[in-house]
Amino acid sequence: MSDVRIGGIELAVIGGTGVYALADLADVVTQWPQTRYGMPSGPLRIGTLQGRRVAFLARHGEGHSVPPHRINYRANLVALQMAGVQRVLALNTVGGITDSCVPGALVCPDQLIDYTWGRTATLSDDAGGDVLHVDFGEPYTRALRAEILASARRAKVAMVDGGCYGATQGPRLETRAEIARMRRDGCDLVGMTGMPEAGLARELGLDYACIGIVANWAAGAGPDADEVITLEDVLATVATATADVARVLGALLGG
Ligand code: HPA
């Protein structure tokens, strides 16, 4: 197991679809950590932003080669922890289900529902190891959410406070009936990677919060019920929104 601890890392950012690097990250050191669960999706890029040490990891790999159900979520989070990270900001590209979650919006969810299956979702998976039953009533760290929302206000970036993230299996998008059911369940957002990442972060004792970047209306949720969702549209919307995310991040680090 290699030691990647540099020390003093203020924040780790996990980038989702369309976010494969952190603009303006300076003095970058690249690490390829080997964890007890194997390799993370890609290298850790550890550098300086606003004078603070920040680590970046592309959740799907920097070339988007790892589909949601094959991401080694355990290795990703353990690699960050090995590097000395305590706080994780997860950027998740999502579809919007309810009215405030329009394409282009940034949302800081406060709840989630897990519809994924077949993923290794816990560290309590080793015979003879500890069985963890962590509290998960509030899946995102309250204090970190509050800081993110305050940073968005300081940066004058609109951000929806709260919402329920529904994590689906992917990699296909959902049917309209699935989205209608998720709406009935109380979901505001739909994405494919929010779980098991958030649960594992809790098991590891990491502070963890999410900014959902709404890239499209979820199937049947927008004004045009027949709209076809394309990756090109998703990436174009995310590319526009990342400027706002960068401003929030700057305010978060700048204090
Ligand atoms: N569904 C699931 N995941 C997504 C979507 C969606 O509509 N858009 C971006 N990620």
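The values are calculated or read from the model by the stated rules, or taken from the named source; none is laboratory data. Note that the structure is a prediction, hence the values are computed from the model and not measured. Because the Cβ atoms are built from the backbone with ideal geometry, glycine has one as well, and the counts that use them run over all protein chains shown. Heads up: the accessible areas ignore ligands, DNA and RNA and are worked out on the full protein's heavy atoms, side chains in. Shrake-Rupley method; radii C 1.70, N 1.55, O 1.52, S 1.80 Å.
Side notes on the structure shown:
- The chain, helix-only ellipticity at 222 nm - DSSP H runs n ≥ 4, -39,500 (n - 2.57), divided by all residues, nearest 500: -8000 deg cm²/dmol
- Relative contact order for region 2-87: 40 percent, from Cα pairs under 8 Å spaced at least 6 residues apart, divided by residue count.
- Surface calculation, 1.4 Å probe, protein heavy atoms: VAL102 sits at approximately 60 Å² accessible.
- Apolar share of the accessible surface for the chain: 51 percent from carbon plus sulfur atoms, 1.4 Å probe.
- For region 1-78, with +1 on Lys and Arg beta carbons and -1 on Asp and Glu, the positive-most of PRO67, LEU49, TYR37 along the dipole: TYR37
- For the set PHE56, PHE136, solvent exposure ranked by accessible area (probe 1.4 Å, protein chains only) runs largest to smallest as PHE136, PHE56.
- Between ALA177, ALA198, ALA127, the Gaussian network model of the chain with springs among Cα atoms under 10 angstrom shows the greatest mean-square fluctuation at ALA127.
- Where trypsin sites (Lys or Arg not before Pro) fall in DSSP loop in region 104-178, at most 10 other Cβ within 10 Å: LYS156, ARG172
- Stokes-Einstein D for region 145-231, Kirkwood Rh over Cα pairs, 20 °C, 1.002 mPa s (µm²/s): 146
- Ranking GLY205, MET159, GLY191 by Cα position along the charge dipole of the chain, where only Lys, Arg, Asp and Glu carry charges on their C-beta atoms, puts GLY205 farthest toward the positive end.
- Eigen-decomposition of the gyration tensor built on the alpha-carbon atoms of region 195-255 gives equivalent ellipsoid semi-axes of 28, 19, 9 angstrom, largest listed first.
- Taken about its Cα centre, the chain carries a charge dipole of roughly 460 debye when the Cβ of each Lys and Arg holds +1 and the Cβ of each Asp and Glu holds -1.
- Just checking the listed ones, THR240, THR193, THR93: in the Gaussian network model of the chain with Cα springs under 10 Å, the one fluctuating most is THR240.
- Once the chain from ARG153 to THR175 is taken as fully extended at 0.36 nm per residue, the excess over their C-alpha distance is 4.4 nm.
- Sorted largest first, the spans of the alpha carbon positions of the chain along the three principal axes are 51, 45, 32 Å.
- Helix runs (DSSP H) in the chain reaching 27 Å along axis by Cα, Kyte-Doolittle at least 0.0: 231-254
- Sorting HIS69, HIS60, HIS133 by accessible area puts them as HIS133, HIS69, HIS60; the probe is 1.4 Å, largest comes first, and only protein heavy atoms count.
- The residues of the chain expose on average 43 square angstrom of accessible surface per residue, using a 1.4 Å probe on protein heavy atoms.
- Within a Gaussian network of the chain (alpha carbon springs, distance under 10 Å), most fluctuating of ASP233, ASP126, ASP244: ASP126
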